[in-house]
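Report on the structure given below.
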Amino acid sequence: MSRLTNGEAEVSLRKQNGRHGNLGLDGTSTRFCCDESCEEKNIAGISGSPSENISSSSQHDVKKARRHKDLTFQDMYDDQNLFDDDDDDEDSDWEPLQKPVEVLKWFCTNCTMVNVDNIVHCEICGEHKESGILRRGFLSSPLRQDTNLTDLELEINKDASTPNPAPRSSTAIGFDERMLLHFEVEMKSNVHPERPDRLRAIAASLATAGIFPGRCYRIPAREITKEELQMVHSLEHIEDVELTSRILASYFTPDTYANEHSACAARLAAGLCADLASAIVSGRVKNGFALVRPPGHHAGVRQAMGFCLHNNAAVAALAAQAAGARKVLIVDWVKLILLVLASHHDVHHGNGTQEIFDQNKSVLYISLHRYEDGMFYPGTGSADEVGSMGAEGFCVNVPWSCKGVGDNDYVFAFQHIVLPIASEFAPDLTIISAGFDAARGDPLGCCDVTPAGYAKMTHMLNDLSGGKLLVILEGGYNLRSISSSATSVIKVLLGENQECELESILPSKSGLRTVMEVLTIQMKFWPTLRSAFSKLESQWGMKRRANEKAAPHSGADLVEMGSKKSDLSSLKQAF
């Protein structure tokens, strides 16, 4: 699908004259006026003979003088067009303002928010307007102007020219600079959050820390084939994405853009994820991180949406199975996939990945995301969406009910939902669909997960699948948050003993409510959850009663839960 930026209705790419988009490859716009009358308006007043112009001018002066005599001062002030340059000689001490004062603005490199020019630090995130985050990543100071002009990205590109064989104990990185060519062509009132700087900031952070290049193996880039994509997407969807290569700028949805390089970038991202999955399953590398864009977890079988063109995690899961994995886990945090175990850790629900594997028992999909009764994008991912057609229980949604969810809620859900189910499933490969838009400071996610929280969750999943773990970049739009979080995750993949232990993992009231709701639904399919549910029910019931004895009115911050209330309707009443 494509949406023209002049507000015309969204139409099928195949029905457009010229396929799709609104700008041609020559850079000209199809929205400009082509009527000859426009030109006539531009040259009006300079046609005709000199005598006709003089005569017309004399008549105009007489009429204007008569009109001035009849006008009040307020009339003349309101209609400033009555005055011409000759009036300046007679009334030089009063000149009405002809044009409004232009307010200069700048967009924050870190969070994309707009600021007025006389402000040095972003009013939203505090980043200096000329910080070095694109050169040194999150290790640069957010408060000072960067004076180091060394471009670390060049070192990464140079390192890719002569790839060496990877040792089996290595962590592999998937990256290609051609993915930076995917960007929104049309300038709008705000910078699009899914921008090339996301990869630049992470790459700069890794280079500054000496991680990549240096300690990680870079796999050669490869574009995914049409045949591989057809395992996940419809042929019509694949062809629609390919059509964007003929158009300078186009849109699948109002927020999902493409340019002439986007199809190539999407093929590279999917190809890198597929090859990383195959290399991990075959044992050629230990684990991997796909530093790729455009992201993929919103892309469904037949549609691109939510900044996503091809579903990279789904492609990787099927590539792993082709390489010998029987079961995959996908975890999306927002969202988690196990392959076969897959996990999603993105703040938005991975609706596309869920759709693709909705009837597949060989891929377990677990997603932790903001839901808010369907009011948060994309509006899917309720706890009772569990899979279909014999695959019930192989889709697990942990739908947070509000913003501000932090480390404790995520880790608590991992302890009581993700790990028990994943362990029983016993995947051959774990894929983390790693959206960092749940990170503290993200302008879209508005949650509070820290780099330590992401490291902890990665560490918890690392023991599954014999350490065969693939992390695929999804969302995340605050550069400082996404680069520090990605670096923390990669350090776990490298085996660094980070301070992953979080003190006193106590969930929020809303977080506990969500976990108990999911347990109530999923223990029908995963009996191992029954003990966890009973233990939590008893534990929090005792805490509530103890709290009431100590201070009858201080129990408001604890979840009220009776030990005999074990079904979903009773839980909702208790909360």
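Being touching a Ser or Thr at 6+ places or on another chain (Cβ under 8 Å), part of a loop (DSSP other than H, G, I, E, B) and open to solvent by less than 30 Å² (accessible area, probe 1.4 Å) is a condition met by at least one residue of segment 208-219. Set side by side, the residues ARG293, ARG302 differ, and just one is in contact with a helix residue (DSSP H, G or I) (Cβ under 8 Å, 6 or more places away or on another chain), open to solvent by 10 Å² or more (accessible area, probe 1.4 Å) and of a type in the set (Lys, Arg), which is ARG302.
You will find that of ALA258, ALA320, ALA274, ALA265, the residue that is open to solvent by less than 10 Å² (accessible area, probe 1.4 Å) and over 24 Å from the mean Cα position of the chain (by Cα) is ALA320 and no other. When you look at GLY214, is it in the same structural domain as VAL471 (by the TED database), within 25 Å of LYS286 (Cα to Cα) and at pLDDT below 95, yes or no? Yes. Scoring VAL103 on the criteria (1) in a loop (DSSP other than H, G, I, E, B); (2) of a type in the set (A, V, I, L, M, F, W, C); (3) closer than 23 Å to ILE202 by Cβ leaves a single failure, condition (3).
The values are calculated or read from the model by the stated rules, or taken from the named source; none is laboratory data. Everything numeric here is computed off the predicted structure, so don't read it as measured data. A quick note on method: Cβ atoms are made from the backbone with ideal geometry, for glycine too, and the neighbour counts reach across all protein chains shown. Surface areas here come from the heavy atoms of the whole protein model, side chains and all, with no ligands, DNA or RNA. Shrake-Rupley method; radii C 1.70, N 1.55, O 1.52, S 1.80 Å.
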